[in-house]
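Colleague: Have a look at this one before I ask anything.
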Amino acid sequence: QVLLVESGGGLVQAGGSLRLSCAASGRTFSSYAMGWFRQTPGKEREFVAVITWSAGGTYYGDSVKGRFTISRDNAKNTVYLQMNSLKPEDTAVYYCAASINPYASGSATSYNYWGQGTQVTVSS
């Protein structure tokens, strides 16, 4: 069992930055691929970014490429999402997710554990 707790969300103006953190419980954190997804009311959960277990691979959704950076610190059992040049359309609840597949893809069905989400609101 893996417990994921996100933090770092909030209100920011367009063009600003936020860093989300996701703290994970469990001794096998380093073996999981970790992803970030986001969701707005009435829409499906959207893939944002994923990082493989060894941090050797990172992949991003098209809408955030060049603006967001995912990273992880296995010693701290934490994954981060640095969000720069934020736009109003980035407003969503952001979820952290863990997959027992160390090379998980951007499909939400690939993930086994989910956090409760943190709200990010970008004002214009």
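The values are calculated or read from the model by the stated rules, or taken from the named source; none is laboratory data. Please read these numbers as outputs of a predicted model, since none were measured by experiment. With ideal geometry, Cβ positions are generated from the backbone for all residues, glycine too; neighbour counts draw on all protein chains shown. What goes into the accessible areas is simple: the full protein's heavy atoms, side chains included, and nothing from ligands, DNA or RNA. Shrake-Rupley method; radii C 1.70, N 1.55, O 1.52, S 1.80 Å.
Colleague: How big, on average over all directions, is the shadow cast by the Cα convex hull of the chain, in nm²?
Modeller: 6.7
Colleague: Separate question: Mind checking the per residue accessible area of the range 1-112 for me, 1.4 Å probe, whole number of Å²?
Modeller: Value returned for the range 1-112: 50 Å² of accessible area per residue.
Colleague: Same structure again: Quick one: if the Förster radius is 41 Å, what FRET efficiency do S124 and R27 give, using the C-beta to C-beta distance and rounding to 0.05?
Modeller: Between S124 and R27 the formula returns 0.40.
Colleague: Now for a separate question. Please list, in chain and number order, the residues 5+ apart from N112 or on another chain whose amide H is under 5 Å from its amide H, with Hs placed from the backbone.
Modeller: Residues meeting the criterion, in which the H sits 1.01 Å from N, are A98, S99, I100.
Colleague: Starting from the Cα of K76, step 7 Å along the direction of its Cβ; do the same at Q116; then give the gap between the two resulting points in nm.
Modeller: Each label point lies 7 Å from its Cα, and together they span 2.1 nm.
Colleague: Then there's this: Given the options V48, V64, V79, which has the most mean-square fluctuation in a GNM of the chain, springs set between C-alpha atoms less than 10 angstrom apart?
Modeller: Highest fluctuation of the listed residues: V64.
Colleague: Taking just the C-alpha trace of the range 84-124, give me its Rg and Dmax in Å.
Modeller: Reported Rg and Dmax, both Å: 12.9, 38.
Colleague: Let me ask something else. At a temperature of 25 °C and a viscosity of 0.890 mPa s, determine how fast the range 1-51 diffuses translationally according to Stokes-Einstein, using the Kirkwood radius over alpha-carbon pairs as Rh; express D in µm²/s, rounded to the nearest whole number.
Modeller: Value of D from the Cα-based Kirkwood radius: 188 µm²/s.
Colleague: Still on this structure, I have one more. Between N101 and A14, with labels modelled 7 Å along Cα→Cβ, what's the label distance in nm to one decimal, could you check?
Modeller: It is 3.7 nm.
Colleague: If I stretch the segment between R45 and T58 completely, what's the gain in nm (0.36 nm per residue apart, minus their alpha carbon distance), one decimal?
Modeller: Length difference between fully extended and current span is 2.8 nm.
Colleague: Spelling out what I want: for every residue of the range 79-86, take phi, set θ = phi - 60°, compute 6.51 cos²θ - 1.76 cosθ + 1.60 (Karplus), and round to whole Hz; glycine and proline get x.
Modeller: 10, 10, 10, 8, 10, 10, 6, 5
Colleague: Multiplying the sequence separation of T109 and S7 by 0.36 nm and subtracting their Cα-Cα distance, what value in nm do you get?
Modeller: My answer for the length gained is 34.4 nm.
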